[in-house]
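> Have a look at this one before I ask anything.
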Amino acid sequence: MGDQTDVQQTAQTAQTAQAAQTVPAGSLVGIVGAGTMGIGVAQCFAEAGHPVVVVDNDPGALASGPARLRAGIRTATLLRRRSRQAQTGASASRAESLVTWSAELADMAAALLVVECAREDEDLKEGILRELDRICGAEAIFASNTSCIPVSRLGSFTARPDRVIGTHFMNPAPLKDAVEVICAPETSGLTLERTEGFLARVGKHALVVRDAPGFVTNRVLMLTLNEAAAVLGEGTADAETVDRIFQDCFGHPMGPLRTADLIGLDTIADSLEVLRRHTGEDRFRPCSLLARLVAEGNVGRKSGSGFYQYSPQHLVARGGTDHG
C-alpha cells in the first residue's frame, strides 16, 4: 500500500510540474474581494512569485488587508517550518511587496487570471463578472471561488463562458493542498489546462468535478453543518459533544460546528439558500438555530461568537461588503 501511495504521489508531482509550465511566470493575477478567502488566495499566488492586485470597494477591508496578509504569511511560514515543508517561491517580504490594493476593477485589466472571491450572492457576482468581461483582455480566465452557484450560470453573465471556471479554494487557502475545480459544459479544455497550471504554480493540485449546485464539497458539507446545528438546537447534545463525536469517532480534525464558525454562519446560510433555489429541495433550508444566530449577528469567529465564543485574538477582520 505504501509503495502504491508513493507511486501515486510521484506521478501527481510530475503532473503538477508539467501543468505549471503552461502558465507564464510572473503573470498578473487579480483577486476580487479582500475578505478571508480573497486574502488567502492572494497570499498563495504572491508566495509563488506572481504579482497580485486585490480589489475591494470596502475601504475598511482594503485598509486592513496588508496587515491580514502579513499575519497570514507569518502563520503559514511557522506552520510549514513545523511540518518541515519547504517554503516555495518568494520570501515573506517579497510576497507582501507583490500585492497591491485597489478599489477599482479596472486595475486588473492586464490579469491573465482573475479569481472572484465575492460573497455568495448571485446578483453581486453577476455585476462583477459583467464588468470584468468588459475590462479584461480576451485571454483572461475568470475563476470563481463560488461555494454553490453553478459555474454555467456564472459563465452566462459573460461573453466568454468558455473561459469561466470554478476554483473552490478551502479555508485556510495557503495551507490546503487541493482545490475543487469545477468545469461547466461550456468551459474549454484550454481553460482547464491553464487553470491547472496556475494552481500548480502555487503548489495546489486540482480535483476536477462536473458542474452542479454545490459541486461535491458543499452539496454534502452544507447539509452536514445544517443538521449539526439542528441537532444542537433540539438539545440532543451540546456543541462540544457534537464536535467530539465527529473528531473521536470519525477522525475528523475539526467538528462540524467549529467548522461552521470558521467558515462563517452567514456564508453557510447564504450557501444553503443558493442550494435550495437551484435544486428546488427544501432540505437545504437553514435550520431555526442557524437562522437565528445569523439574524443576531453571531456568525462565528469573525464576529467573536457563533456556536462557540471566541477571544479577541481569534477575531478575523471581515472582508468587503461588495467585493469580498
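> Which peptide among 258-264, 25-31 comes first, and what is the full order, when sorted by highest mean count of other Cβ atoms within 10 Å?
258-264, 25-31
> If you don't mind, there's one more thing I want to ask. Between residue 177 and residue 70, with labels modelled 7 Å along Cα→Cβ, what's the label distance in nm to one decimal, could you check?
According to this spin-label approximation, the distance is 3.2 nm.
> Sticking with this structure for a sec: Calculated FRET efficiency, residue 244 and residue 188, Cβ-Cβ r, R0 51 Å, to nearest 0.05?
Calculated transfer efficiency: 0.65.
> With a/c under 1.5 counting as rounded, go ahead and sort the stretch 124-227 into rounded, prolate or oblate using the C-alpha gyration tensor (a ≥ b ≥ c being the square roots of the eigenvalues; past the cut-off, prolate if a/b is larger than b/c, else oblate). Provide the component values of the computation, followed by the final result.
On the way: a/c = 1.80, a/b = 1.28, b/c = 1.41.
Because a/c hits 1.5 or more and a/b fails to exceed b/c, the stretch 124-227 counts as oblate.
> Under a point spin-label approximation (7 Å from Cα along Cα-to-Cβ), what is the residue 208-residue 126 distance to one decimal in nm?
Between residue 208 and residue 126, the label points sit 3.0 nm apart.
> Work out, in µm²/s and without decimals, the Stokes-Einstein translational diffusion coefficient of the stretch 184-259 at 37 °C, 0.692 mPa s, Rh from Kirkwood over C-alpha pairs.
218 µm²/s
> Ordered by packing density, taken as the mean number of other Cβ atoms within 10 Å over each peptide's residues, highest first, how do 246-254, 289-297, 196-204 rank? Please list the in-between numbers first.
Numbers: 246-254: 11.3, 289-297: 17.0, 196-204: 23.1.
In decreasing order of mean packing, 246-254, 289-297, 196-204 become 196-204, 289-297, 246-254.
> From Cα pairs below 8 angstrom and at least 6 apart in sequence, can you work out the relative contact order of the chain, rounded to a whole percent?
20 percent
> Could you give me the ³J(HN,Hα) list for the stretch 144-153, computed from phi with Karplus coefficients 6.51, -1.76, 1.60 and θ = phi - 60°, whole Hz, x at Gly and Pro?
Going residue by residue, I get 9, 8, 3, 7, 9, 5, x, 5, 4, 5 Hz, with x marking Gly and Pro.
> Now for a separate question. How high is the FRET efficiency from residue 94 to residue 296, r the C-beta distance, R0 25 Å, rounded to 0.05?
The pair residue 94/residue 296 has a calculated efficiency of 0.05.
> Roughly what % of DSSP beta bridges within the chain run antiparallel, to the nearest 5?
15 percent
> List the residues whose amide H sits under 5 Å from the amide H of residue 101, counting only those 5 or more places along or on another chain, with H placed 1.01 Å from N in the peptide plane.
Result for residue 101 returns 54.
> Starting from the 7 Å offset along Cα-to-Cβ, what nm value, one decimal, do you get for the label separation of residue 79 and residue 283?
Once both label points are built, they end up 3.2 nm from each other.
> Same structure, new question: Aspartates and glutamates near residue 204 by alpha-carbon distance under 16 Å, same-chain residues fewer than 8 away left out - which ones?
47, 177, 180, 193, 196
> Counting only protein heavy atoms and using a 1.4 Å probe, what share of the accessible area of the chain belongs to carbon plus sulfur, as a whole percent? Don't skip to the end; give the middle numbers.
Working: 7690 of 14780 Å².
Whole-percent figure for carbon plus sulfur exposure: 52.
> For the chain, what mean projected area does the convex hull of the alpha carbons give, in nm²?
About 16.6 nm², averaged over all directions.
The values are calculated or read from the model by the stated rules, or taken from the named source; none is laboratory data. Bear in mind that the values here come from a model prediction, so they are computed numbers and not experimental data. Ideal geometry is used to build each Cβ from the backbone, glycine not excepted, and the neighbour counts take in all protein chains shown. Heads up: the accessible areas ignore ligands, DNA and RNA and are worked out on the full protein's heavy atoms, side chains in. Shrake-Rupley method; radii C 1.70, N 1.55, O 1.52, S 1.80 Å.
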